[in-house]
């Protein structure tokens, strides 16, 4: 598996990853499944809307990025159901293209215990939404 | 749109759980304090619009990164 932590977020509760309020721009996108990236040497995973398969996001662990780090504690505190920090899974949405970017301002936070997810907005400059994608060497 | 006038240190209550308080008025800027449950997201409007736009761009992955039909379950 490419993203074991994210996969077990839904496998552990034998259900989808659920965004109760959707995501900004996609208020009706509630149920997602994790799909493997076709190139296993790359650290991405796909979150695919179960009901609208055209809605799919490439995500990457924030800890692999060579840039200002996502504050996991801040992200976890913004999650509505998270009780145990050990259950938190934090991923960042990637916008592909010739100059791909990653959203460090609004990561996706998943509670492994419940499968509930939210795209939370952290305290930071708005341009962190489109941080150039670069991995730690 | 409901329009209300408030002074500094006055508040507005929305529903049963959201309170918006004017903390300070300085020139053309107003500092607001918002009390809301964790289940309710609060954004600056321009940030929220930027998030919407970024998510809409990010979801268009088929033309560049891959064909979702080629992926497998994780």
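All of the numbers you see were taken from the coordinates with simple rules; none came from a lab. What you see is a predicted model; the values in this text were computed from it and never measured. Positions of Cβ are generated from backbone atoms using ideal geometry, with glycine treated the same way; all protein chains shown enter the neighbour counts.
Side notes on the structure shown:
- Chain A: C-alpha gyration tensor shape, a/c 1.5 cut-off, then a/b vs b/c: rounded
- Counting every other Cβ atom within 10 Å of each residue's Cβ, A:129, A:85 order from fewest to most as A:85, A:129.
- The calculated 222 nm mean residue ellipticity attributable to helices in chain A amounts to -2500 deg cm²/dmol, summing -39500 (n - 2.57) over DSSP H runs of n ≥ 4 and dividing by all residues.
- Rounded to 5, percent antiparallel among DSSP beta bridges of chain A: 95
- Estimated inter-spin distance, residue A:50 and residue B:23, nm [label 7 Å along Cα→Cβ]: 4.0
- Spatial separation of Cα centroids for the stretch B:22-50 and the stretch A:67-137, in angstrom: 21
- Dividing the mean sequence gap of close Cα pairs (under 8 Å, 6+ apart) by how many residues chain A holds gives a relative contact order of 24 percent.
- Among A:109, A:120, A:34: highest mean-square fluctuation, GNM of chain A, C-alpha pairs under 10 Å: A:120
- Residue-span extension gain [residue A:122 to residue A:135] - 0.36 nm each, minus C-alpha spacing: 2.6 nm
- Cβ-Cβ distance of residue B:7 and residue A:81, R₀ of 45 Å, FRET efficiency by 1/(1 + (r/R0)^6): the value works out to about 0.75.
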